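A quick write-up on the structure given underneath.
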Amino acid sequence: MSPLYGAVEAGGTKFVLAVGTGPDDLRAQIRIDTGTPEATLEQTCAFFHAATDEHGPLAAVGVACFGPVDLDRSSPTYGWITTTPKSGWANTDIVGHLAATLNLPVGFDTDVNCAALGEARWGAGVGLHSLLYLTIGTGIGGGAIADGDILHGRMHPEMGHIPVPHSLDRDPYEGCCPYHGDCLEGLASGPALRDRWGTPADELPADHAAWSLQAEYLGSALTTFILTLSPQRILLGGGVMEQEHLFPRIRAEVARILQGYLKQPELHEELDAFIAPPGLGPRAGICGALALAQSAAT
């Protein structure tokens with residue numbers, strides 16, 4: 001019998017909790033609102049205790065976490081959420097609390113890194129050795145798989161905070177990022193769309209001027225990532241990307257910026273497959289947390 005694993009997709013608005021072995025075997029799953037750290041982590045541990053009583057013992061738990069987070073295992077704050085703007089959650093020891101309460105190994109990484117891992121293991125990245133996953137929603141974040149493993153450096157990537165070309169004459173909106181103003185997240189996240197146009201993204205019609213501008217910002221960012229990371233595939237998830245008409249606009253913008261400089265066929269006649277939705281859809285993060293738990297148990 002395959003070991004069971006726990007998974008936590010920890011977001012600023014909600015926590016998704018699950019027990020299982022993979023996307024086709026989720027034996028229990030709930031969503032709880034993100035409250036205070038104390039209350040939210042207490043509910044999280046209570047779920048896993050109840051799931052253990054019903055389904056059997058867990059081998060490990062994986063946490064796909066909003067951030068920024070500390071992933072340096074030599075650091076005294078490893079496993080902490082650090083400088084998040086989420087009220088009350090800065091300097092929260094996620095790994096320490098879960099490990100002590102559940103008495104289990106805990107795998108820990110960013111939500112977008114885990115989404116990339118889930119897609120590489122079970123989704124649209126199966127068989128690839130490199131992959132980029134971007135979520136465009138309340139914030140913008142990116143995770144990457146390189147040589148089959150999650151890409152880490154001094155810390156985790158912060159792809160949502162790169163600068164992108166911004167003409168104030170054409171787009172006088174100054175951006176909503178509290179740190180950088182008009183970085184990618186500040187210009188192209190869901191809150192930026194709402195603030196700039198006075199309407200939530202899902203209520204803007206497909207022919208609205210918002211989408212051409214959105215495709216320019218995202219196309220510029222994707223071109224930067226293509227030229228620096230050279231992924232075999234880029235997956236775009238998150239609430240804003242539920243507007244499916246955005247995909248052809250973004251692909252066209254990437255092709256326009258690259259100007260034929262890169263000769264690989266996926267950047268020309270195969271763009272539909274190269275820049276695509278996640279294969280696991282909204283389950284990418286929770287499935288990535290399961291994959292992280294599997295690694296933590298070995």
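Every number here is computed from the coordinates shown, using simple stated rules; none is lab data. Since we're looking at a predicted model, the values are computed, not measured. For neighbour counting, all protein chains shown are included, and Cβ atoms are generated from backbone atoms with ideal geometry for every residue, glycine included.
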Mean-square fluctuation check for the chain, GNM, Cα pairs under 10 Å: which of GLU244, GLU203, GLU253 is largest? GLU203
Per DSSP helix of 4 or more residues, -39500 (n - 2.57); summed, then divided by the residues of the chain. What does that give at 222 nm, rounded to the nearest 500? -11000 deg cm²/dmol
Express the relative contact order of the chain as a whole percentage, based on alpha carbon pairs under 8 Å and six or more residues apart in sequence. 22
Magnitude of the charge dipole, the chain, Cβ model with Lys/Arg +1 and Asp/Glu -1, debye to 20: 280
Among ILE150, GLY6, PHE66, whose Cα projects farthest towards the positive end of the dipole of the chain, with charges put on the beta-carbon of Lys, Arg (+1) and Asp, Glu (-1)? ILE150
When a/c is below 1.5 the answer is rounded, else prolate if a/b is larger than b/c, else oblate, so apply that to segment 88-162 with a ≥ b ≥ c taken from the square roots of the Cα gyration tensor eigenvalues. oblate
Can you give the angle from 0 to 90° between the axis of helix 209-229 and the longest principal axis of the chain, with both taken from C-alpha atoms, to the nearest 10? 70
Subtract the Cα-Cα distance of ASP171 and ASP53 from 0.36 nm times their separation in residues, and report this length gain in nm to one decimal. 36.9 nm
Only sites in a loop by DSSP and with at most 10 other Cβ atoms within 10 Å count here; which trypsin sites (Lys or Arg not before Pro) in segment 22-86 make the cut? ARG73
Which length gain, in nm to one decimal place, applies between GLN259 and ASP272 when the Cα-Cα distance is subtracted from 0.36 nm times their residue separation? 3.0 nm
Classified through the alpha carbon gyration tensor (a ≥ b ≥ c as square roots of its eigenvalues; rounded if a/c is under 1.5, else prolate when a/b is larger than b/c, else oblate), segment 164-298 comes out oblate
In segment 133-202, the trypsin sites (Lys or Arg not before Pro) that fall in loop regions by DSSP, at most 16 other Cβ within 10 Å: ARG154, ARG170
With a ≥ b ≥ c taken as the square roots of the eigenvalues of the C-alpha gyration tensor of segment 53-178, please select rounded if a/c is under 1.5 and otherwise prolate if a/b is larger than b/c or oblate if it is not? oblate
With r as the distance between the Cβ atoms of THR13 and HIS180 and R0 = 25 Å, compute the FRET efficiency 1/(1 + (r/R0)^6) and round to 0.05. 0.70
Simple spin-label estimate for ILE30 and ALA146 in nanometres, 7 Å along Cα-Cβ: 4.0
Length added when fully stretched, ALA46-ALA209, from 0.36 nm per residue minus Cα-Cα: 54.0 nm
